[in-house]
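See below for the structure under consideration.
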2 protein chains.
Amino acid sequence: MTRDEKIRQLELTIDEFYRQKQISPDLTEAILYSLQAGGKRLRPLLLLELIEGFGLELTRAHYQAAAALEMIHTGSLIHDDLPAMDNDDYRRGRLTSHKKFGEDMAILAGDSLFLDPYGLLAKAELPSQVKVDLIAELSQAAGTFGMVAGQVLDMQGEGRDSSLEELKRIHANKTGKLLTYPFVAAALIAGAEPLIQDKLRRIGQLLGLAFQVRDDLLDVTASFEELGKTPQKDLAAAKSTYPALLGLEEAAAFFNDCLDQAAVLLTDVERSAVFSGTEIKKIIEGLRLNG
Amino acid sequence: MTRDEKIRQLELTIDEFYRQKQISPDLTEAILYSLQAGGKRLRPLLLLELIEGFGLELTRAHYQAAAALEMIHTGSLIHDDLPAMDNDDYRRGRLTSHKKFGEDMAILAGDSLFLDPYGLLAKAELPSQVKVDLIAELSQAAGTFGMVAGQVLDMQGEGRDSSLEELKRIHANKTGKLLTYPFVAAALIAGAEPLIQDKLRRIGQLLGLAFQVRDDLLDVTASFEELGKTPQKDLAAAKSTYPALLGLEEAAAFFNDCLDQAAVLLTDVERSAVFSGTEIKKIIEGLRLNG
């Protein structure tokens, strides 16, 4: 199945979940507006490719696990864009949720996207123990011990200088943990040994770091059309970024180094488990910046 | 164990969870500020009393299940109070989260309280299948198929007249489903038969309805000191309420009738299962309004 077909199947899975029984059609509409805004679907695609990398055939349950992850990611984007947070009017080239539906609805749509995915996971056709492990891992990656804490640290870093170590800590939590989740989740689903799971987690962490450096680099160099949102927001918010701390060139080198390390570790996993990292390597190469 | 001792144990369980490893101490502080604001702890107490009603001795896992429920309830209160929602400055006699910590932190504290409890549940010492069922039920009660949808319906009901049926539908979701959860969860934990689970669910629904009517009645009749928050908010928001639709007297009669029906059903459950509803009946009687 091509990557586009996987994305299509993912979107059908999300749609099916939200259309099963509607209590408030307006809430469903607001939720699906953001879920269907496109985007690269990086997190769910990583999960699906990793599961296939372990030689498993993708099932409905795997798509549900991928959907759950994308739902939490989307909920965090909706809340990040709120006036009291980043106050963004556009996301992926479309009006943000609060601009389209009002602030109250955007808060509630985000809330739903945090509360719903666990139920979706809990009902997936997977062994109960695997589901419990997936849920524990996702919850820790997303909440007070992961993404949300990273957002608080990030928010508090605005208007003052952060060190490189502080910056890494912010992003390891804010974006890193949810990007690491597919690697751990695939290992749990495939029943991989703890050692393999640890290596995959490390790859996810490197990728998460790379992804944030990439975001910072693009914020400096890309236009509204390329980003689909307002560029140079970091500068306006007086936030420390990798380019600001390291310089543009060294930040780009650091970014490439993270991706290289991840690729080496992937080859290492291929040697010690029944696993093919070919598609993941393609995704990693797709993240490289031109020029 | 007395009810106060149970509340104390519940609060210790919550504290232990949030102090295990802190990434952002400020986030933890904001979360615990709202979790430790007191309140009746009705939902977790119902769960604990129901579990004991089935003859089980309370374990750490039961307290964790009760804490998970209280966390979601508290998260919803924080977001309900936001300026874009009900815009309340006080809750339980203290400043609301956004008044104390700022709107951005209040949004994120609420987000954490939606994302964390599933991980807490997933790690509790209970059989995996029971945990999966508890998580599925809690997620459905809280998100798009429960509480959040009810909040949207409620929000949309402001400034216009709702029928009694619409009002019931709003509250069955907004407050009813999370109040019903302890009844279903206790049945799942005790491994009760489906028929018993259904009856307990019905009791929860009646209690949820009663609780909302009670809230509406208090909004009309109580003072700031009695409520710990601004009274007559419903009137100001031009919301349909049970007293507005039924008159004060008939609303009070309807409220008592819900509680009576719940008590009768409890006696019915006592006849058909190894279950004692004594403590639950006490809680129900404690909800009655004087005069």
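The values are calculated or read from the model by the stated rules, or taken from the named source; none is laboratory data. Since the structure is predicted, the reported quantities are computational estimates derived from the model, not experimental observations. Ideal geometry is used to build each Cβ from the backbone, glycine not excepted, and the neighbour counts take in all protein chains shown. Note: areas computed on protein heavy atoms with side chains; ligands, DNA, RNA excluded. Shrake-Rupley method; radii C 1.70, N 1.55, O 1.52, S 1.80 Å.
Quick check on my filter: what residues within the range A:80-127 are in contact with a helix residue (DSSP H, G or I) (Cβ under 6 Å, 6 or more places away or on another chain) and among the hydroxyl-bearing types (Ser, Thr, Tyr)?
Correct list: A:Ser97, A:Ser112, A:Tyr118.
Take the range A:145-180 and flag every residue that is away from every other protein chain (no Cβ under 12 Å) and within 25 Å of A:Ala273 (Cβ to Cβ).
If the condition is that a residue be away from every other protein chain (no Cβ under 12 Å) and within 25 Å of A:Ala273 (Cβ to Cβ), then A:Leu179, A:Thr180 are the ones that fit.
Restricting to the range A:165-208, name every residue that is of a type in the set (A, V, I, L, M, F, W, C) and touching a Lys or Arg at 6+ places or on another chain (Cβ under 7 Å).
Correct list: A:Leu178, A:Leu179, A:Phe183, A:Val184.
Within the range A:14-60, which residues are touching a Lys or Arg at 6+ places or on another chain (Cβ under 7 Å), away from chain B (no Cβ under 14 Å) and not aliphatic (A, V, I, L, M)?
Hits for the range A:14-60 are A:Gly38, A:Gly39.
Got a number for residues in the range A:123-134 being assigned to a helix (DSSP H, G or I) and in contact (Cβ under 8 Å) with a residue 24 or more places away in the chain?
Qualifying residue count, the range A:123-134: 3.
Since B:Arg160 meets every condition but one in (1) in a helix (DSSP H, G or I); (2) farther than 30 Å from B:Pro127 by Cα; (3) over 13 Å from the mean Cα position of the chain (by Cα), which condition does it not meet?
(1)
Counting only residues that are open to solvent by less than 30 Å² (accessible area, probe 1.4 Å) and under 25 Å from A:Leu167 (Cα atoms), which one in the range A:248-271 is farthest from the chain's Cα centre (by Cα)?
A:Ala251
Please give the number of the condition B:Arg202 fails out of (1) closer than 17 Å to B:Arg271 by Cα; (2) surrounded by 23 or more Cβ atoms within 10 Å (Cβ to Cβ); (3) basic (Lys, Arg).
(2)
Just to be sure before I move on: is A:Ala122 among the aliphatic types (A, V, I, L, M) and closer than 25 Å to A:Tyr33 by Cβ in the structure I sent?
Against the criterion (among the aliphatic types (A, V, I, L, M) and closer than 25 Å to A:Tyr33 by Cβ), A:Ala122 does not qualify.
Can you pull out every residue in the range B:272-291 that is exposed (fewer than 11 other Cβ atoms within 10 Å of the Cβ) and either touching a Ser or Thr at 6+ places or on another chain (Cβ under 6 Å) or in a helix (DSSP H, G or I) (or both)?
Answer for the range B:272-291, where residues must be exposed (fewer than 11 other Cβ atoms within 10 Å of the Cβ) and either touching a Ser or Thr at 6+ places or on another chain (Cβ under 6 Å) or in a helix (DSSP H, G or I) (or both): B:Glu285, B:Gly286.
Here's the yes/no breakdown for (1) of a type in the set (Phe, Trp, Tyr); (2) in contact with a His (Cβ under 8 Å, 6 or more places away or on another chain); (3) without any contact (Cβ under 8 Å) to a residue 40 or more places away in the chain; (4) under 23 Å from A:Glu57 (Cβ atoms):
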| site | (1), (2), (3), (4) |
| --- | --- |
| A:Lys100 | no, no, no, no |
| A:Gly110 | no, yes, yes, no |
| A:Ala136 | no, no, yes, no |
| A:Phe145 | yes, no, yes, no |
| A:Ala149 | no, no, yes, no |
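Sort out which residues of the range A:120-144 are open to solvent by 10 Å² or more (accessible area, probe 1.4 Å), within 16 Å of the chain's Cα centre (by Cα) and facing chain B (nearest Cβ under 7 Å), and write them in order of number.
Passing the criteria: only A:Gln140.
How about the range B:163-201: which of its residues are of a type in the set (S, T, N, Q), outside any loop (DSSP other than H, G, I, E, B) and modelled with pLDDT under 95?
B:Thr175
Find the residue count for the range A:28-44, including only residues that are open to solvent by less than 10 Å² (accessible area, probe 1.4 Å) and closer than 20 Å to A:Phe183 by Cβ.
Keep residues of the range A:28-44 that are open to solvent by less than 10 Å² (accessible area, probe 1.4 Å), which gives A:28, A:30-32, A:35, A:41, A:44.
When the remaining residues are screened for being closer than 20 Å to A:Phe183 by Cβ, the result is A:41, A:44.
Residues that pass the stated criteria total 2.
Test each condition in (1) modelled with pLDDT of 95 or more; (2) facing chain B (nearest Cβ under 10 Å) for A:Leu69 and report the one that comes out false.
For A:Leu69, the exception is condition (2).
Suppose the filter is under 30 Å from B:Val184 (Cβ atoms) and either more than 13 Å from chain A (Cβ to nearest Cβ) or surrounded by 24 or more Cβ atoms within 10 Å (Cβ to Cβ) (or both); does B:Gly93 pass it?
It is false that B:Gly93 is under 30 Å from B:Val184 (Cβ atoms) and either more than 13 Å from chain A (Cβ to nearest Cβ) or surrounded by 24 or more Cβ atoms within 10 Å (Cβ to Cβ) (or both).
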